[in-house]
Amino acid sequence: MENLEFFNSIDSMLNETLSKKPLKEICEAFKEDVVSNRDKYVDDSNLALEMKETGESIVRMFLENLGYVFLSKCEDISHDYKFLKGGKEFVFEIKTDVDTDNMAVEYECRGKKSGIAATKADFFITYYPQLNEIWLIKTEKLKELIRKNKDTIKKIDTADGIKLFLLKRDKYKPEFRITNVY
């Protein structure tokens with residue numbers, strides 16, 4: 001229960017802070033933070049969690065500005081956020097990534113399915129603060145893209161037991177819908 005309270009507390013604080021500033025200002029400040037801490041995210045799990053939460057909140061604001069109504073934030077691995085628009089529910093998996101030439105797509109954590117292998121989300125979003133870009137793709141399309149290219153997509157194992165696919169962004173860019181955050 002403590003973890004749930006912790007995450008709800010962070011979500012509440014971020015939303016309160018973020019709601020007082022315009023999206024562009026929030027994005028620019030976050031971009032500066034990402035640039036200055038880029039190499040620290042790998043070694044500092046608290047900093048990585050903070051980056052993830054801030055990125056998710058920015059994407060949430062972006063979607064709300066497009067008329068999506070926030071319904072819920074998921075507390076398990078099935079998805080991240082659920083929204084309503086035009087009477088239809090939309091379920092998103094939202095990731096924040098530092099600017100590299102790759103898109104990291106998690107599929108396993110400490111021996112259990114996670115990320116793309118476990119999500120029930122309709123859409124997979126990756127937010128690149130340094131590029132001011134959101135990359136959107138249907139989750140099933142991303143899974144198919146990975147299946148069809150599994151022999152050429154690099155896999156990595158991190159020191160903390162996370163397994164990732166690394167997709168070359170330039171190669172797969174045409175498969176995504178890309179937009180600026182502001």
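Give me the accessible area per residue for the chain, probe 1.4 Å, as a whole number in Å². Before the final figure, lay out each step's value.
Values: 10500 Å² over 182 residues.
Per residue, the chain has 58 Å² of solvent-accessible surface.
Can you pull the Kirkwood radius for region 99-145, inverse mean 1/r over Cα pairs, to one decimal in Å? Can you show the working numbers first?
Working: mean 1/r = 0.0856 Å⁻¹.
By the Kirkwood definition, the hydrodynamic radius is 11.7 Å.
Share of the chain's accessible area from carbon and sulfur, percent, 1.4 Å?
Working: 5240 of 10500 Å².
That share works out to 50 percent.
So for region 59-182, taking the charge dipole from beta-carbon charges (+1 Lys/Arg, -1 Asp/Glu), which of Phe70, Leu142, Asn180 sits furthest toward the positive end?
Leu142
About its Cα centre, what dipole magnitude does region 77-160 give when the only charges are +1 on Lys and Arg Cβ and -1 on Asp and Glu Cβ, stated in debye to the nearest 20?
Here the size comes out at about 440 debye.
Please get the size of the charge dipole for the chain, origin at its Cα centre, with Cβ charges of +1 on Lys and Arg and -1 on Asp and Glu, quoted in debye to the nearest 20.
980
Computed over the Cα atoms of the chain, what is the ratio Rg over Rh, Rh following Kirkwood? Numbers along the way, then the final one.
Working: Rg = 15.8 Å, Rh = 17.0 Å.
Here Rg/Rh amounts to 0.93.
Sum -39500 (n - 2.57) across every DSSP H segment of at least 4 residues in the chain, then divide by the residue count to get the 222 nm mean residue ellipticity, nearest 500. Working shown, then result.
Details: 5 runs with 67 residues, N = 182.
Taken over the chain, the calculation gives -12000 deg cm²/dmol.
The values are calculated or read from the model by the stated rules, or taken from the named source; none is laboratory data. This structure is a prediction, so every number in the text was calculated from the model and none was measured. Cβ sites come from the backbone with ideal geometry, for glycine too, and all protein chains shown count toward neighbours. Side chains included, ligands, DNA and RNA excluded: accessible areas come from the protein's heavy atoms. Shrake-Rupley method; radii C 1.70, N 1.55, O 1.52, S 1.80 Å.
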